[in-house]
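Q: Take a look at the following structure, please.
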Amino acid sequence: MNLPRHAYFGGRIVPYGEAKIGVLTHGLNYGTGVFAGIRGYWNDEEKELFVFRPRDHFRRFLESTKLLGMELTETEEALVNATLELVRTEGHREDCYIRPLAFYSDEAIGVRLHNLTPAISIVAFPYGQYLPNEEAVHATISSWRRVDDNMIPARGKIVGSYVNSALAKTDAQRAGFDEAIVLNADGHVCEGSAENFFLVRNGVVVTPPVTENILEGITRRTAIELLREGLGREVVERPIDRTEIYLAEEAFFSGTGVQVAAITRVAHRPIGTGAIGPITRDLRRLYFETVRGRRPEYRRWCHPVYAANRESARPESPAAVQGDRKLRVAG
Ligand SMILES: Cc1ncc(COP(=O)(O)O)c(C=O)c1O
């Protein structure tokens, strides 16, 4: 990967080489940071780059900082604007990935969350696929269990807890699989190493609720809305037993990285026919049209980088945000 040319750091955009921290930094030593992962999608007909649901990502980002007791003055709006300015400065005209990070910046020894000073950085760089084949993922069930809300809050995107994801991912890949499915401490299906999980049984789409120690995924919420409203599918949020995976007609991951990726085999067992199923295929099609700004009804989620004064530059209207909140309460 080529390094970015710039970073948002210390409240302004600086050359990437100036965005440096010392080895004693608290967030580096103790994992006391939170992050986000946001995608920008290039739309070639409009010659526009759309950042997908940045407000929702930054809302979750700020919620994660709250879990670590960080006192920040930056608002959701200010972080979205900083991101758009950064991407404009980089001048990306292709799909890209944006990585905001908030971390305790003190160069100090001592495990704690109080009496520390948070800092924020954001970088953006060109990015393609996260998984090699999004239409045929071979996953395994990990022997690692997902962190619990009373261990490290799983609903936050907390730096330290990604050791849990990394353990699951590396074991899966070393064993020849593409991805891991991680269970809860109580044995229910939780999510992938860095993506949410869905399956289809008897035509109904099922995904674990937010109380099952999942990350409250933005793509998960997008998928639920697209399935219900765009594709007229029933979606149920309920705990999932491990063996339901083996009986599922379809299964897929959702996440900013994986987008919507079909799981076609789990631990060498075919899911359904062993090929991508119709619901996953329809959802993938609608998802990619949506994120590239080609669906007027979901255009509010797509923030244009270059046409800042266009009418669609003010997406996620209050009504839209409210609709979103309703969905969130539901799941
Ligand atoms: C553990 C975990 N679960 C789920 C997701 C998917 O979340 P989102 O759709 O917000 O990217 C991610 C990726 O950020 C993740 O790291």
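The values are calculated or read from the model by the stated rules, or taken from the named source; none is laboratory data. None of these values were measured; they are calculated from a predicted model. Cβ coordinates were reconstructed from backbone atoms using ideal geometry, including for glycine residues, and neighbour counts include every protein chain displayed. Quick note on the areas: whole protein, heavy atoms, side chains included, nothing else; ligands and nucleic acids left out. Shrake-Rupley method; radii C 1.70, N 1.55, O 1.52, S 1.80 Å.
Q: Quick check on this structure: which one of LYS66, LYS47 is surrounded by fewer than 21 Cβ atoms within 10 Å (Cβ to Cβ), farther than 28 Å from ARG294 by Cα and among the basic types (Lys, Arg)? If you could, list the steps in order and put the result at the bottom.
A: Details: LYS47 fails: farther than 28 Å from ARG294 by Cα.
Of LYS66, LYS47, the one residue that is surrounded by fewer than 21 Cβ atoms within 10 Å (Cβ to Cβ), farther than 28 Å from ARG294 by Cα and among the basic types (Lys, Arg) is LYS66.
Q: For residues in segment 240-254 being open to solvent by less than 10 Å² (accessible area, probe 1.4 Å) and out of contact with any Pro (no Cβ under 7 Å at 6 or more places or on another chain), which is nearest to the ligand (Cβ to nearest atom)?
A: Taking segment 240-254 first, the residues open to solvent by less than 10 Å² (accessible area, probe 1.4 Å) are 240, 245, 248, 251-254.
Pick out the ones that are also out of contact with any Pro (no Cβ under 7 Å at 6 or more places or on another chain) and you get 245, 248, 251-254.
Details: ILE245: 17, ALA248: 19, ALA251: 15, PHE252: 12, PHE253: 8, SER254: 6 Å.
Checked segment 240-254; the qualifying residue nearest to the ligand (Cβ to nearest atom) is SER254.
Q: Let me ask something else. Return the only residue of GLU191, GLU135 being at pLDDT 95 or above, over 24 Å from LEU79 (Cα atoms) and part of a strand (DSSP E or B). Reasoning before the result, please.
A: On the way: GLU135 fails: part of a strand (DSSP E or B).
Exactly one residue qualifies, and that residue is GLU191.
Q: Of all residues being more than 15 Å from the ligand (Cβ to nearest atom) and charged (D, E, K, R) in segment 205-234, which is surrounded by the fewest Cβ atoms within 10 Å (Cβ to Cβ)? Just the residue, please.
A: The residue in question is GLU234.
Q: State which residue pairs qualify: first residue touching a residue at least 60 places away in the same chain (Cβ under 8 Å) and inside segment 6-34, second residue of a type in the set (Lys, Arg) and part of a loop (DSSP other than H, G, I, E, B) in any location, beta carbons under 6 Å apart, and separation of 6 or more residues or different chains.
A: Cβ pairs passing all conditions: TYR16/ARG5; VAL34/LYS157.
Q: So PHE198 fits all but one of (1) near the ligand (Cβ under 9 Å from one of its atoms); (2) open to solvent by less than 10 Å² (accessible area, probe 1.4 Å); (3) aromatic (Phe, Trp, Tyr); what number is the exception?
A: (1)
Q: Quick one: in segment 23-36, which of the residues that are part of a helix (DSSP H, G or I) and not polar (S, T, N, Q) is nearest to the ligand (Cβ to nearest atom)? Lay out the reasoning, then the answer.
A: Within segment 23-36, the first condition is being part of a helix (DSSP H, G or I), and the residues that meet it are 26-30.
In the following step, the residues that additionally are not polar (S, T, N, Q) were identified as 26-28, 30.
Details: HIS26: 22, GLY27: 17, LEU28: 19, TYR30: 19 Å.
Restricting to residues being part of a helix (DSSP H, G or I) and not polar (S, T, N, Q), the top hit is GLY27.
Q: Are any of the residues in segment 292-308 modelled with pLDDT under 95 and either open to solvent by 80 Å² or more (accessible area, probe 1.4 Å) or aliphatic (A, V, I, L, M) (or both)?
A: Step one: filter segment 292-308 for residues modelled with pLDDT under 95, giving 307-308.
Add one more test, that the residue is either open to solvent by 80 Å² or more (accessible area, probe 1.4 Å) or aliphatic (A, V, I, L, M) (or both), and what stays is 307-308.
Yes, that holds for at least one residue.
Q: Here are the criteria: (1) more than 16 Å from the ligand (Cβ to nearest atom); (2) out of contact with any Leu (no Cβ under 6 Å at 6 or more places or on another chain). Tell me which single one ARG39 does not satisfy.
A: Only one criterion in (1) more than 16 Å from the ligand (Cβ to nearest atom); (2) out of contact with any Leu (no Cβ under 6 Å at 6 or more places or on another chain) is unmet by ARG39, namely (1).
Q: Let me ask another. Restricting to segment 96-112, give me the number of residues that are surrounded by fewer than 22 Cβ atoms within 10 Å (Cβ to Cβ), of a type in the set (A, V, I, L, M, F, W, C) and either in contact with a Lys or Arg (Cβ under 9 Å, 6 or more places away or on another chain) or over 18 Å from ALA7 (Cβ atoms) (or both). Please lay out each step first, then the result.
A: Restricting attention to segment 96-112, the residues satisfying the condition of being surrounded by fewer than 22 Cβ atoms within 10 Å (Cβ to Cβ) are 97, 99, 101, 105-112.
Checking the rest, the ones that are also of a type in the set (A, V, I, L, M, F, W, C) come to 101, 108-109, 111.
Still in the running and either in contact with a Lys or Arg (Cβ under 9 Å, 6 or more places away or on another chain) or over 18 Å from ALA7 (Cβ atoms) (or both): 108-109, 111.
Of the residues in that region, 3 qualify.
Q: Among the listed residues ARG55, ARG112, ARG88, ARG93, which satisfies the condition of being more than 25 Å from VAL23 (Cα to Cα), in a loop (DSSP other than H, G, I, E, B) and among the basic types (Lys, Arg)?
A: On the way: ARG55 fails: in a loop (DSSP other than H, G, I, E, B); ARG112 fails: more than 25 Å from VAL23 (Cα to Cα); ARG88 fails: in a loop (DSSP other than H, G, I, E, B).
Selected residue: ARG93, the only one of ARG55, ARG112, ARG88, ARG93 that is more than 25 Å from VAL23 (Cα to Cα), in a loop (DSSP other than H, G, I, E, B) and among the basic types (Lys, Arg).
Q: Moving to a separate point now. Check off (1) in contact with a Leu (Cβ under 9 Å, 6 or more places away or on another chain); (2) touching a residue at least 60 places away in the same chain (Cβ under 8 Å) for VAL235 and give me the number that stays unchecked.
A: VAL235 satisfies every listed condition except (2).
Q: Still on this model: Taking interchain pairs and intrachain pairs at least six residues apart, which have beta carbon atoms under 6 angstrom, with the first residue in segment 63-81 and small (Gly, Ala, Ser) and the second surrounded by 13 or more Cβ atoms within 10 Å (Cβ to Cβ) and at pLDDT 95 or above?
A: Hits for this filter: SER64/VAL34; SER64/GLY156; SER64/LYS157; GLY69/LEU113.
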